[in-house]
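Asks: Next up is a structure, given as structure tokens.
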Amino acid sequence: MITGEAFHGSDIEKIEEVYGIPKEDIVSFSANVSPMGVSERYLQGITSKLDCVERYPDREYRALKKAISLYCGAKSENIIVGGGSTELIGAAIKQMESPRVIIVTPAYSEYERNVKQRGGTVEHFFLKEEDGFAPDISEICEALNESHDILIICNPVNPTSTAFTRDGMEAVLKRCEKCGIVCIVDETYIDFADERFDVTPLTDRFGCLFVIRSMSKFFCAPGLRLGYGITQGAELKERIEESKDPWSVSSLSNEAALLMLSDTDHIGRTRAYIKEERQRIMSLLDDMEPLGIRYYRPEANFVLVRLPEGGPTSGGLFERAVKEGMMIRDCADFPGLDDRYIRFCFMKKDDDDRLMSLIRKVYS
Ligand SMILES: Cc1ncc(COP(=O)(O)O)c(C=O)c1O
């Protein structure tokens, strides 16, 4: 059955409806959420905090910003909190009327949707397959000029899992500063990546930089709807704050995040597991090279894979996988990619092995 339906990474209920498979029986390799579950400290601590919903959260979220500051090293006064990184992406784009935006592509679709909603225009800067989708810093700098209002970069990039180093971003930011461009860096997946890709320290030096982060993926808490943004630009911060609603983070999410951010054991375990599993999946994919399967060096908790010509397309593999209870991301609808690309995130070893043997079987 080819349904012709397009599924986003988190559309597990839609899969249940279309394929009649109970969602509990589907492993989501497409939502890019950590397989390590939610923090133990949170599970144990939250029950004594449940009555916090009787009060409004602190309008300034002082304790939460302090905890975020301790976690990521940014200054408390430079932090904005929001309902998932999604709210902050929207606010960072909506703070400008009809913005002219350049997006490093392929990219998460919400950027373009928000720009269009705001009556803005989108230009794509395409990462190239022949470069392994690695960013070419001098080409990006050359593409930027005074006609752009906003540059959006996802780092590590969703869906390619390639990344900009801090040094590379420094050059991009110098160019942005010169051209009067606001640079939004979506670091939703940064907690899984090596420290040298983290651009948060650059917020102390570049007022045109707005970094966005999320509790959804690394902390396995997409239901919390909590994200945060960091900028030193006082005016930019004010405009972004004004574009969002007050109290968009609930008292319960506030308390939950305090517990999660202080669970250093869980944080350390998640980091170590993903690092090891990323390496293991890379070597399993290396073994499939003779089948014509190619991948791009992943820096986050997911990998982009190119399927061999002549075999089933990304949609075909998606169907095969879903029938075996595994939901991968068919990347055919990403600008810059086509029906030869799939993306999947690293889950528990047994589940990953099941997916790897299916791919091997389908293309052997
Ligand atoms: C690159 C990127 N940014 C932001 C988000 C949204 O995250 P949140 O749950 O924090 O709104 C996603 C979700 O898939 C994503 O892939």
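The values are calculated or read from the model by the stated rules, or taken from the named source; none is laboratory data. If you're wondering where the values come from, they're calculated on a predicted model, not measured in any experiment. Neighbour counts are summed over all protein chains in view; Cβ atoms, including those assigned to glycine, are modelled from backbone coordinates with ideal geometry.
Asks: Say we look at the range 167-193 and pick out the residues that are more than 16 Å from the ligand (Cβ to nearest atom) and in a loop (DSSP other than H, G, I, E, B); which of these is farthest from ARG306 (Cα to Cα)?
Replies: GLY180
Asks: Sticking with this structure for a sec: How many of the residues in the range 21-63 are in contact with a strand residue (DSSP E or B) (Cβ under 6 Å, 6 or more places away or on another chain) and either within 25 Å of GLY229 (Cβ to Cβ) or of a type outside the set (A, V, I, L, M, F, W, C) (or both)? Write out each step before concluding.
Replies: Quick first cut of the range 21-63, residues in contact with a strand residue (DSSP E or B) (Cβ under 6 Å, 6 or more places away or on another chain) only: 26-30, 32, 61.
From what is left, the residues that are either within 25 Å of GLY229 (Cβ to Cβ) or of a type outside the set (A, V, I, L, M, F, W, C) (or both) are 28, 30, 32, 61.
Total satisfying the criteria: 4.
Asks: Report every pair of residues separated by at least 6 positions or lying on different chains whose Cβ atoms are under 9 Å apart, first residue within the range 205-222 and in the same structural domain as ARG175 (by TED's automatic domain parsing), second among the charged types (D, E, K, R) and within 8 Å of the ligand (Cβ to nearest atom).
Replies: Pairs that qualify, where the first residue is in the same structural domain as ARG175 (by TED's automatic domain parsing) and the partner is among the charged types (D, E, K, R) and within 8 Å of the ligand (Cβ to nearest atom), are VAL211/ASP186; ILE212/ASP186; ARG213/ASP186; SER214/ASP186; MET215/ARG225; SER216/ARG225.
Asks: While we're looking at this one, here's another question. SER30 - would you say it is of a type in the set (Ser, Thr, Tyr), within 16 Å of the ligand (Cβ to nearest atom) and assigned to a loop (DSSP other than H, G, I, E, B)? Outline the logic, then answer.
Replies: On the way: of a type in the set (Ser, Thr, Tyr): yes; within 16 Å of the ligand (Cβ to nearest atom): yes; assigned to a loop (DSSP other than H, G, I, E, B): yes.
Considered against the rule, which asks whether it is of a type in the set (Ser, Thr, Tyr), within 16 Å of the ligand (Cβ to nearest atom) and assigned to a loop (DSSP other than H, G, I, E, B), SER30 comes out as yes.
Yes or no, residue by residue, for (1) within 16 Å of the ligand (Cβ to nearest atom); (2) in contact with an Asp or Glu (Cβ under 7 Å, 6 or more places away or on another chain); (3) at pLDDT 95 or above:
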{"residue": "VAL81", "(1), (2), (3)": "yes, no, yes"}
{"residue": "GLY84", "(1), (2), (3)": "yes, no, yes"}
{"residue": "LEU88", "(1), (2), (3)": "yes, no, yes"}
{"residue": "ARG100", "(1), (2), (3)": "no, yes, yes"}
{"residue": "PRO106", "(1), (2), (3)": "yes, no, yes"}
{"residue": "ARG113", "(1), (2), (3)": "yes, no, yes"}
{"residue": "LYS116", "(1), (2), (3)": "no, no, yes"}
{"residue": "ASP131", "(1), (2), (3)": "no, no, yes"}
{"residue": "ALA134", "(1), (2), (3)": "no, no, yes"}
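Asks: For LEU252, state whether it is farther than 30 Å from ILE140 by Cα, more than 15 Å from the chain's Cα centre (by Cα) and in contact (Cβ under 8 Å) with a residue 12 or more places away in the chain. Spell out the reasoning first.
Replies: Working: farther than 30 Å from ILE140 by Cα: yes; more than 15 Å from the chain's Cα centre (by Cα): yes; in contact (Cβ under 8 Å) with a residue 12 or more places away in the chain: yes.
When the stated conditions are applied, LEU252 passes them.
Asks: How many of the residues making up the range 222-259 are away from the ligand (no atom under 16 Å from the Cβ) and in contact with a strand residue (DSSP E or B) (Cβ under 7 Å, 6 or more places away or on another chain)?
Replies: Summing the residues that are away from the ligand (no atom under 16 Å from the Cβ) and in contact with a strand residue (DSSP E or B) (Cβ under 7 Å, 6 or more places away or on another chain) in the range 222-259 gives 4.
Asks: Mind checking whether some residue in the range 50-70 is within 16 Å of the ligand (Cβ to nearest atom) and assigned to a helix (DSSP H, G or I)?
Replies: Yes, the range 50-70 contains at least one residue that is within 16 Å of the ligand (Cβ to nearest atom) and assigned to a helix (DSSP H, G or I).
Asks: Any chance the range 236-245 includes a residue that's over 29 Å from VAL303 (Cα atoms), crowded, with 19+ Cβ neighbours inside 10 Å, in contact with a helix residue (DSSP H, G or I) (Cβ under 8 Å, 6 or more places away or on another chain) and of a type in the set (Val, Ile, Thr)?
Replies: Yes: one or more hits.
Asks: What pairs can you find where one residue is in the range 43-59 and of a type in the set (S, T, N, Q), the other is surrounded by 12 or more Cβ atoms within 10 Å (Cβ to Cβ), and their Cβ atoms are less than 8 Å apart, with a gap of 6+ or different chains?
Replies: none
Asks: Could you name every one of the strands (runs of 3 or more DSSP E) located completely within the range 86-166 that has at least 2 residues being buried (at least 22 other Cβ atoms within 10 Å of the Cβ) and of a type in the set (Gly, Ala, Ser)? Let's see the steps before the verdict.
Replies: Details: elements: 100-105, 121-126, 150-154.
Fully inside the range 86-166 and qualifying: nothing.
Asks: Something else now. Is there a residue in the range 142-150 that is in the same structural domain as THR231 (by TED's automatic domain parsing), of a type in the set (Gly, Ala, Ser) and within 15 Å of the ligand (Cβ to nearest atom)? If you could, list the steps in order and put the result at the bottom.
Replies: Initially, the range 142-150 is screened for residues in the same structural domain as THR231 (by TED's automatic domain parsing), giving 142-150.
Right, trim to of a type in the set (Gly, Ala, Ser) and you get 143, 147.
Add one more test, that the residue is within 15 Å of the ligand (Cβ to nearest atom), and what stays is none.
Scanning the range 142-150 turns up no residue that is in the same structural domain as THR231 (by TED's automatic domain parsing), of a type in the set (Gly, Ala, Ser) and within 15 Å of the ligand (Cβ to nearest atom).
Asks: Take the range 205-221 and flag every residue that is of a type in the set (Gly, Ala, Ser), surrounded by fewer than 24 Cβ atoms within 10 Å (Cβ to Cβ) and either in a strand (DSSP E or B) or away from the ligand (no atom under 11 Å from the Cβ) (or both).
Replies: GLY207
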